[in-house]
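Data block below; observations after.
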Amino acid sequence: MARPRALITHRHPAQVRRTGKPITIDDCAPYAGQPAQYAVGRGSQLSVLIVLDHGCKTAPPGVIENYIDWLKPSLHGLNDPRYPSLVGVLIINTNLPVPSEWSRHGVQAERFGEPETPSGDREVA
């Protein structure tokens with residue numbers, strides 16, 4: 001990942017990173033320690049890790065809810081902390097092609113759900 005930048009919002013710090021390859025929430029786990037420590041220094045359990053996914057896109061992005069989640073980094077000397085540090089992770093897809101590009105390159109897709117049967121064609125148990 002590229003050089004990180006830190007933002008501070010009142011008491012909750014946000015760490016910004018950029019990557020040139022596709023990334024998932026789980027891939028962000030190694031980077032949760034830095035914003036967690038920034039938060040502790042400001043007296044907060046909460047921090048944010050923002051990752052700019054600048055990699056080449058092979059499929060259109062999904063809705064933002066697919067790219068938001070929480071990580072709970074391990075804490076020094078504590079197995080089950082009463083007050084855990086929580087890192088909100090937000091992956092922002094950048095470097096998106098114009099929508100018409102997907103028509104030119106094609107996208108894999110599968111049928112969702114079961115097809116409806118025409119009326120009158122009922123299965124008999």
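Summary table
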| quantity | calculated |
| --- | --- |
| Cubic angstrom per residue, convex hull over Cα atoms of segment 5-98 | 105 Å³ |
| Within the chain, helix-based [θ] at 222 nm, where runs of 4 or more DSSP H residues each add -39,500 (n - 2.57), nearest 500 | -3000 deg cm²/dmol |
| Antiparallel bridge percentage (DSSP; both residues within the chain; nearest 5) | 40 percent |
| Contact order relative to length of segment 5-98, as percent, for alpha carbon pairs under 8 angstrom and 6 or more apart | 33 percent |
| Added length on full extension, which subtracts the Cα-Cα distance from 0.36 nm per residue, residue 69 to residue 112 | 13.0 nm |
| Test item: Cα-centred dipole of segment 5-98, Lys/Arg +1 and Asp/Glu -1 on Cβ, debye | 340 debye |
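We did not get these values from a lab; they are worked out from the coordinates using the rules stated. What you see is a predicted model; the values in this text were computed from it and never measured. All Cβ positions, glycine included, derive from the backbone under ideal geometry; neighbour counts span all protein chains shown.
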